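Take a look at the structure below.
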Amino acid sequence: MEYIESLRLFRTIVEVRNFRRAGETLDLSPSVVSRSIASLEERLGTRLFHRSTRQFSLTEAAEHFYEGCCRVLDDLDCLEASAAGRGRIPAGVLRVVAHTTTALTWLAPLIASFKRKHPNITLDITLTERSVDLTADGYDLGIVLPFMLATDLAVTRLLQRLPLVVVTTQAYLARRAPPRHPADLADHVFVTVPPSMHKPTLTFRIDQENVAVPIKYEIASNNPLFNRDIILEGFGVGLLPFTLVEQDIKAGRLVRLLENFEIVDTAAEVRLAYIGRALLPAKVRAFIDHTAEFFERGMEAARRSTTTHAALAVESAGKEDAGARCEGGRGSCP
């Protein structure tokens, strides 16, 4: 039983990104939290967290363990709910808020598949780019970016990390030399989100360390679509989700910058947020489980696609190499 509780504590720490807040959520003292995590790390034989006075991050082992941990605990919660007579058919009105731009490509398929599975649930969907208070605004759940949560009371679960890219136009580069290093961004003008949403810095992974690079801006908007459009007008450099500008890059309308540098930004994490964990309504639990499964299937499909493309590339390279040897040699090749 202690092991199960330590798993619940581990999941809560990952979701609230803070040891102290996790302890407060579960009504545990700091000493109990520390002992429980130390015991779990000893049992697993590996560290789960990198901690310092200024930074908090998961180890690679913890990221893998978290996914399995959530599945085990969710299955256990469902089993307990069923045994307690709460495994009824989910029904009622479910109010969901989602980030407008981020949700454009996958929200409709998610909601459609959920509705087919749970026809007795009525869905009330709100799309917004502003901050929300789930309780005060009357939402059951949110599919949000971190800046959108007005309080720390929500439990969050990572669904997807959005790949971010630095882009601009050829017209802008005709006036300014392209940056070769993140430090060069100090000489460029950014189109970005307002500082009330995200401090005006970009964080890059350089020589195994996270380095924050300050940026200056003349135009700021909370809408990535508007930011993309104003960048296309030649007004500066911007940091945008790759999925939003992929076609612009392929068509040559936008130019990708600093491709060889990794961008580190937790603001690009899509999270499922809800209040509390105990005795969740069946409709809320159903949406949590379905959404987690939906995104897991999407990531698995992406992994399979990446593996297939890599295999085809290797096969193609092998054929080209064989062809070159045939052309350069004597005799005929099949």
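The values are calculated or read from the model by the stated rules, or taken from the named source; none is laboratory data. All values reported here derive from a predicted model rather than from experimental measurement. Counting neighbours? That spans all protein chains shown, and the Cβs are built from the backbone with ideal geometry, glycine included.
Data overview
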| quantity | calculated |
| --- | --- |
| Meets criteria (over 24 Å from Tyr172 (Cβ atoms) and among the charged types (D, E, K, R)) for Asp207 | yes |
| Any hit, the range 218-230, residues being surrounded by 20 or more Cβ atoms within 10 Å (Cβ to Cβ), assigned to a strand (DSSP E or B), out of contact with any Cys (no Cβ under 6 Å at 6 or more places or on another chain) and among the polar types (S, T, N, Q) | no |
| Inter-residue pairs, beta-carbon under 7 Å, first in a helix (DSSP H, G or I) and in the range 132-155, second among the β-branched types (Val, Ile, Thr), 6+ apart | Leu134/Ile275; Thr135/Ile275; Pro146/Thr266; Met148/Val132 |
| When residues of the range 134-152 are limited to those that are modelled with pLDDT under 90 and β-branched (Val, Ile, Thr), the one farthest from Phe287 (Cα to Cα) | Thr151 |
| Any hit, the range 238-248, residues being aromatic (Phe, Trp, Tyr) and assigned to a helix (DSSP H, G or I) | yes |
| Per-region count, the range 189-217, residues under 20 Å from Met148 (Cα atoms), in contact with a helix residue (DSSP H, G or I) (Cβ under 9 Å, 6 or more places away or on another chain) and outside any strand (DSSP E or B) | 4 |
| Filter result (surrounded by fewer than 14 Cβ atoms within 10 Å (Cβ to Cβ) and either closer than 11 Å to Phe10 by Cβ or outside the structural domain of Arg17 (by TED's automatic domain parsing) (or both)) within the range 44-67 | Leu44 |
| Pick from the range 95-119, criterion surrounded by 13 or more Cβ atoms within 10 Å (Cβ to Cβ) and not in a helix (DSSP H, G or I), ranking: modelled with the lowest pLDDT | Leu104 |
